[in-house]
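Inspection log for the structure reproduced underneath, given as structure tokens.
The values are calculated or read from the model by the stated rules, or taken from the named source; none is laboratory data. Small disclaimer: the values here were computed from a predicted structure and weren't measured. Ideal geometry is used to build each Cβ from the backbone, glycine not excepted, and the neighbour counts take in all protein chains shown. Accessible surface areas use protein heavy atoms only, side chains included; no ligands, DNA or RNA. Shrake-Rupley method; radii C 1.70, N 1.55, O 1.52, S 1.80 Å.
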Amino acid sequence: MPGKPRRSFPLVRRAGSILLWGAIAALGALGFATLALSRGESVNAAWLLIAAVCTYVVGYRFYSKFIAERVFALDDRRATPAERLSNGRDYVPTNKWVLYGHHFAAIAGPGPLVGPVLAAQFGFLPGTLWLVIGVVVGGAVQDLTILCCSLRRDGKSLGQMAKEEINATAGVTAMLAVLFIMIILLAVVALIVVNALKASPWGLFTIACTIPIAVLMGWWMRTWRPGKVGEASLAGAALLLLALLGGGYVAGHPALAAAFTHSGPALAAMIIGYGFVASVLPVWMLLTPRDYLSTFLKISTVLILAVAILLLLPPLKMPALTPFATRGEGPVLAGKLFPFAFITIACGAISGFHSLIASGTTPKMLAKERDARLIGYGGMLMESFVGVMAMIAACTLDPGVYFAMNTTPAALAQASHVLGTAGFVVTPDAMRQLAQAMGEQTLIARTGGAPSLAVGMAHIFAGVTSVLGGKTLTALWYHFAIMFEALFILTTIDAGTRVGRFMLQEILGHVWPRFGATSWYPSVIVASGAIVAGWGYFLYQGVVDPLGGINSLWPLFGIANQLLAAVALCVATTILIKMGKARFAWVTVTPLAWLVAVTMTAGWQLVFSPNATLGLLARAAAVDPADPSAAQRIFNYRLDVVVALLFMTVVVMLLAVSIREWWLVLSKRKPAVVHETPFVESAYAGN
């Protein structure tokens, strides 16, 4: 009848939505149950993938919406810093999908690739649970909350927000902590590249070629064919493929193979030189095109790997829990499941480094406030997904191969009884055949996680293309995986060195204002050299360490990174309380409490454990005085002790100051002054 309102079915739609999300949650629960309840029988890797994806979808749909709408009340009618302060250089309103790619490239370093591979020593279950649950309630929460806080403060950095919202002492402390942590992080990621490329002429040639390819793309998009991003992308992809194929030729040519085969110290010197040059070059020449090329390769490779897993349905050969979960004497990493699994896997579950990006370039490029949900929370979910893929690739390897690759001969001999009892053994002939199939000279003691991840990925990819099979194809996939990992890592090295340079210039600019001018070239050279010298020292220490370096530096990196996350969550909690949202403070306090418990326990054990495979002081005491490098090794271990205790002290101080601030505000002894930018109507509100 005329005038009769159209009938709608809100109850039906609501019931359908409940059924759909209930089914997704039930499927995820079934996946977790299948993984957790396995008792020795083979478990399909697809269940791990299903459990993770279902959890991500539910977490994004409900928890991220709660934080965005209830906690921060994100509003597209409010102009963002990119709109209000637009200058075409730093503050630039950017399409949310383009910004998602930039943000993901910036946060996705080696952590989600290497951490899960190393943590596979404990079995597939602990690492998987931490990756999936940790990101939903911890990592993605930190990234989104810090992004929202910075977004409402003109894109200010974490240190600046700590200074304004807590106090000046907290701000200076946070800036110094961030700088020291950045140095350790860069040393560790560089060590991973060195260990992956040692005795690998194919890998070194391919990675070396990516540098001129990125420079060519930079010139293409800026000077030769401005704006022709598609053309540059096709050219870059084609040249990457040629470099990959050329690496196979180089490895098979005796003279060329010798030219591209280098020792660890030589490769370390090359990486140090690269980091310095990349930090001082204009950003458009190397950093921007490498980010673009890296993001394209990262996301496409991870998605293809997920499809391959669903097609092949490979079994997980690593058990849910290994004997090293409780013994604390693992050959890959010393220490028990708690707390070391939770610092070994850092970036895939929660990473303090992300808070630097979420309060750095990203808030200056958001066109609309609500885009923060996709970029902050969604970007971290994608990184966790990368970590899950790495865990699957590592755990589909034969355990004997996994431990032979990730353990030095000395550590392998010490753990031989436990490995033999568990059936985690492999013959030398099998390792030689595997190395030949991958086009490598050897795969034994290739510590650092990257080579074993590449082998796992190569097996999965080669299984999909087995109809074209053969050694060459398997070797091609292996070196494609090495290139994929190295692009992840080199992006962190060049971007991280540049960020470290900015931070050092900012700190020293308080003493000498001229030094703080980021465009003054003498300042650029000196600050870049200082940062590179800092992480280069720790890199060299790791390269010459007889235990492989990763055994001592990765736990130090994990502790530092997670303590930085604690700093970020302290700042976020303070801001929530001052906003009058104390009832929602549990959102940040929950992961903060967990991180403090984990990192302080791990730090204490790393320094004071009497076990010489774990405790730094015990390692120093166990050094043979007859060793020619004994004095240097003892000094390095004691320096690591000082660094670990410094990080822990700084965070305890900041936590104490923050708790005092919370108490003063909540008890009405201090007014809740929020340094939030006033509301300005957005011109994009109706779009």
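What is the local net charge at residue 426, summed over the other residues whose Cβ is closer than 14 Å to its Cβ (Lys, Arg +1; Asp, Glu -1)?
Residues near residue 426 contribute +1 overall.
Would you calculate the separation in nanometres between label points at residue 313 and residue 75, each defined as 7 Å from the Cα along the Cα-to-beta-carbon direction?
Going from the residue 313 label point to the residue 75 one covers 5.3 nm.
With Rg and the Kirkwood Rh both taken from Cα atoms, where does Rg over Rh land for the stretch 95-253?
Across the stretch 95-253, the Cα-based Rg/Rh ratio is 1.04.
For Cα pairs less than 8 Å apart in space and 6+ apart in sequence, what is the mean separation divided by the residue count of the stretch 46-163, i.e. the relative contact order in percent?
Result for the stretch 46-163 is 36 percent.
Quantify, in whole percent, the carbon and sulfur part of the accessible surface of the chain (1.4 Å probe; protein heavy atoms only).
69
Pulled fully out, how much extra length does the chain show between residue 133 and residue 255, if you take 0.36 nm times their separation in residues and subtract their Cα-Cα distance?
Once the chain is fully extended between residue 133 and residue 255, it gains 38.9 nm.
Over 26 Å between Cα atoms, which of 364/578; 65/336; 96/581; 298/336; 163/298; 65/96 qualify?
Table pairs above 26 Å Cα-Cα are 65/336; 96/581; 298/336; 163/298.
Work through the residues other than residue 588 whose Cβ is under 15 Å from its Cβ and net out their charges, Lys, Arg +1 and Asp, Glu -1.
Once all neighbours under 15 Å are counted, the net charge is +1.
Assign one of three labels to the stretch 118-157, namely rounded, prolate or oblate, based on the Cα gyration tensor with a ≥ b ≥ c the square roots of its eigenvalues; rounded applies when a/c is under 1.5, prolate when it is not and a/b is larger than b/c, and oblate otherwise.
Note, shape of the stretch 118-157 comes out prolate.
Using Cα pairs under 8 angstrom and six or more residues apart, how large is the relative contact order of the chain, in percent?
Reported relative contact order: 25 percent.
With all protein chains present, calculate the accessible area of residue 627 using a 1.4 Å probe and round the result to the nearest 10 Å².
50
Taking a ≥ b ≥ c as the square roots of the eigenvalues of the Cα gyration tensor of the stretch 10-89, is the shape rounded (a/c under 1.5), prolate (a/b larger than b/c) or oblate?
Oblate, since a/c reaches 1.5 and b/c is not below a/b.
Suppose every K and R has +1 on its Cβ and every D and E has -1 on its Cβ; what is the size of the dipole of the stretch 152-277 about the Cα centre, in Debye to the nearest 20?
180
Tell me, what HN-Hα J-couplings in whole Hz come from the Karplus equation 6.51 cos²θ - 1.76 cosθ + 1.60 at θ = phi - 60° for each residue of the stretch 647-659, using x for Gly and Pro?
So the Karplus estimates, Gly and Pro as x, are 4, 5, 5, 4, 5, 4, 4, 5, 5, 5, 5, 5, 4 Hz.
What residues qualify as long-range amide H neighbours of residue 157, i.e. H under 5 Å apart, gap of 5 or more or another chain, H built at 1.01 Å from N?
Here the answer is none, since no amide H 5 or more places off falls under 5 Å of that of residue 157.
Does the stretch 504-620 come out rounded, prolate or oblate by the C-alpha gyration tensor, with a ≥ b ≥ c the root eigenvalues, rounded set by a/c under 1.5 and, if not, prolate when a/b is larger than b/c and oblate if not?
Oblate shape, in that a/c is at least 1.5 and b/c is the bigger or equal ratio.
How many angstrom separate the Cα center of the stretch 182-217 from the Cα center of the stretch 80-131?
Measuring centre to centre over Cα atoms gives 20 Å.
Calculated from the structure, Rg and Dmax of the Cα atoms in Å equals which of [x] 25.4, 82; [y] 27.2, 84; [z] 24.9, 100?
The value computed from this structure is option [z].
If each of residue 29 and residue 537 carries a label point 7 Å out from its Cα toward its Cβ, how far apart are those two points in nm?
Here the answer is 5.4 nm between the modelled labels.
Please list 143, 154, 398 from largest to smallest accessible area, probe radius 1.4 Å, with all protein chains kept in place.
Sorted by accessible area, descending: 398, 154, 143.
From largest accessible area down, sort 637, 249; use a 1.4 Å probe on the protein chains.
My answer, sorted largest first, is 249, 637.
Please give the calculated 222 nm ellipticity per residue for the chain, where each DSSP H segment of at least 4 residues contributes -39500 (n - 2.57) and the sum is spread over every residue; nearest 500 deg cm²/dmol?
-22000 deg cm²/dmol
Could you report the accessible area of residue 507 in Å², rounded to 10, computed with a 1.4 Å probe on the protein chains as they sit in the structure?
Its heavy atoms expose roughly 40 Å² to the probe.
So with the 1.4 Å probe, I'd like the accessible area per residue for the stretch 1-154, rounded to whole Å².
44
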